[in-house]
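Colleague: Could you have a look at this structure, given as structure tokens, before my questions?
The values are calculated or read from the model by the stated rules, or taken from the named source; none is laboratory data. Remember, predicted model here, so these are calculated numbers, not experimental data. Positions of Cβ are backbone-derived with ideal geometry, glycine not excepted, and every protein chain shown enters the neighbour counts. Ligands, DNA and RNA are stripped out before the accessible areas are found, and what is left, the full protein with its side chains, is counted by its heavy atoms. Shrake-Rupley method; radii C 1.70, N 1.55, O 1.52, S 1.80 Å.
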Amino acid sequence: MGVVTSVAAQAASAADCPGHPDAIGTSRTIVVDPRAYPIIGTMQYGKTLPLQDREVVLTFDDGPLPKYSNLILDILAAHCAKATFFMVGSQANANPEGVRKVRDAGHTVATHSQNHPAGMDRLPFDRSKQEIEQGIASVTAALGDGTAPAPFLRIPGLRRTDEIEAFAASKGLQLWSADFPADDWRDVSANRVYELAMQRLERKGKGILLLHDIQPRTVTALPRILHEMKARGYRIVHVVPATPGRPATPTEPQQWLLHPPSETVAISRWPKVPKFAAAGPAALPIPALSDLDWRNPDAVTRAHRRGGAVPLPLIALWPRQITLPPNGVLATLPVPAASIFRIPDPLTLTSPVRRIDTAANARATEVSAKLAGKSRRNGHPAAARPAASAAQPAPPGAATTPKPADSRKNGRSVRVAGLKKR
């Protein structure tokens with residue numbers, strides 16, 4: 001359906017341009033209210049003109065300059081394409097006839113400051129206001145019929161400030177940025193201007209194209225741009241301001257986005273709240289106790305219906321019923337037994353250190369007895385060694401292993417601790 005509409009629009013445009021069968025024409029004209037949308041152009045802002053896919057608005061800055069502006073007008077006339085011209089006030093004073101030519105050709109005349117300062121964002125605010133107001137006055141004077149230019153303003157170099165935006169909105173002016181430029185103000189070739197225009201248009205899919213009618217490279221590139229736009233299915237849209245006798249074109253807010261959400265996406269309609277007709281009383285009935293049957297009596301029937309299922313015993317789901325004591329009856333707990341509070345006597349606990357000491361004393365006594373027996377067999381009395389008493393624990397910090405006894409006999413020594421003899 002969209003393809004048929006696009007082809008029909010182009011056929012109608014070509015038919016309206018006699019003698020130029022290859023003309024792209026102007027597919028439609030939209031009327032905008034500057035006060036409703038005071039800033040447009042996605043190069044700087046979040047909104048642009050309410051364009052459909054593959055629709056382009058042509059804009060030209062810095063004129064009129066007769067040498068090149070008149071050639072631009074001839075090219076547009078050959079294609080029956082309408083555009084918006086943002087004129088500099090000093091240029092309008094120098095060439096008022098060029099301003100009237102643009103108007104008489106059916107294009108939109110807008111303003112671009114008085115002297116086109118390079119750094120308008122760095123000027124004092126009073127100077128910026130003077131540039132805007134004088135530019136409008138000069139173009140109005142150049143028109144010569146008492147009419148004012150369209151309330152469309154493009155800041156030189158797109159050097160916007162918050163103060164300038166607020167001032168323009170207070171004057172009912174719509175600030176135009178752009179959606180994509182062709183860099184024709186730079187020192188590039190006409191072929192490069194054409195390539196940038198088409199590449200950026202393909203990426204955007206639609207929008208406001210920024211050009212300049214005072215550049216020779218633009219004059220050379222424009223016929224090729226328009227021809228290629230038509231070949232790729234793009235359409236030219238003309239924009240005019242709303243007046244008391246010409247109301248704005250009806251639009252939805254999402255149409256002012258460069259890529260509005262799809263109608264199939266739910267968020268595209270948010271935050272609109274649908275209005276439902278009330279089918280019954282406003283108050284809902286209170287749930288009955290029977291609606292909260294935890295036992296689910298038809299579970300067995302559904303299990304048999306599925307086939308092959310073994311029904312589980314029916315149990316009450318959460319919250320299960322519990323038995324509570326009657327009101328006024330206190331719960332009685334048993335009295336704790338005395339053994340629960342019995343603390344063992346620390347003196348009766350067996351100390352690991354004492355167990356180690358007792359074992360060491362036993363080994364020392366056994367070794368002493370063996371040494372005494374050897375001494376009696378060799379005719380030497382055994383040295384009296386007092387046995388370590390098990391009742392006397394080792395002092396704290398003392399080593400628990402007994403000191404090896406060294407006995408020398410006939411040049412032989414006996415290592416008691418290791419139980420090795422030489």
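Colleague: Search segment 54-71 for residues being of a type in the set (S, T, Y) and over 16 Å from V32 (Cβ atoms), and hand back the single one that is surrounded by the most Cβ atoms within 10 Å (Cβ to Cβ).
Modeller: Going residue by residue through segment 54-71, those that are of a type in the set (S, T, Y) are 59, 68-69.
Remaining after also requiring over 16 Å from V32 (Cβ atoms): 68-69.
Values: Y68: 20, S69: 25.
Looking at the filtered set, the residue picked out is S69.
Colleague: For segment 194-237, how many residues are under 18 Å from A78 (Cα atoms), of a type in the set (V, I, T) and open to solvent by 30 Å² or more (accessible area, probe 1.4 Å)?
Modeller: 1
Colleague: Would you pick out the residues in segment 74-95 that are aliphatic (A, V, I, L, M) and touching a Pro at 6+ places or on another chain (Cβ under 9 Å)?
Modeller: Narrowing segment 74-95 to residues aliphatic (A, V, I, L, M): 75-78, 81, 83, 87-88, 92, 94.
Scanning segment 74-95 gives I75, A78, M87, V88, A92, A94.
Colleague: Please go through segment 179-202 and pick out each residue that is assigned to a loop (DSSP other than H, G, I, E, B), touching a residue at least 24 places away in the same chain (Cβ under 8 Å) and out of contact with any strand residue (DSSP E or B) (no Cβ under 8 Å at 6 or more places or on another chain). Full working, then the answer.
Modeller: Of segment 179-202, the ones assigned to a loop (DSSP other than H, G, I, E, B) are 179, 182-189.
In the following step, the residues that additionally are touching a residue at least 24 places away in the same chain (Cβ under 8 Å) were identified as 179, 182, 184-185, 188-189.
Correct list: V188, S189.
Colleague: Tally time: how many residues in segment 77-106 are touching a Phe, Trp or Tyr at 6+ places or on another chain (Cβ under 8 Å) and open to solvent by 50 Å² or more (accessible area, probe 1.4 Å)?
Modeller: The first filter runs over segment 77-106 and keeps only residues touching a Phe, Trp or Tyr at 6+ places or on another chain (Cβ under 8 Å), leaving 83-86, 102.
Checking the rest, the ones that are also open to solvent by 50 Å² or more (accessible area, probe 1.4 Å) come to none.
The number of residues fulfilling the criteria is 0.
Colleague: If you don't mind, another one. Exactly one condition in (1) aromatic (F, W, Y); (2) within 33 Å of the chain's Cα centre (by Cα); (3) open to solvent by 10 Å² or more (accessible area, probe 1.4 Å) is not met by W185; state its number.
Modeller: Every condition holds for W185 apart from (2).
Colleague: Take segment 115-164 and flag every residue that is more than 14 Å from V88 (Cα to Cα) and among the basic types (K, R).
Modeller: Result: R122, R127, K129, R159, R160.
Colleague: If you don't mind, there's one more thing I want to ask. Which one of D22, D74 is of a type in the set (D, E, K, R), open to solvent by 30 Å² or more (accessible area, probe 1.4 Å) and either in a strand (DSSP E or B) or at pLDDT below 95 (or both)? So that I can check it myself, show each step before the final result.
Modeller: Details: D74 fails: either in a strand (DSSP E or B) or at pLDDT below 95 (or both).
The conditions single out D22.
Colleague: Same structure again: Does L158 count as among the aliphatic types (A, V, I, L, M), in contact (Cβ under 8 Å) with a residue 40 or more places away in the chain and touching a Lys or Arg at 6+ places or on another chain (Cβ under 7 Å)?
Modeller: Taking the combined requirement at face value, the residue does not satisfy it.
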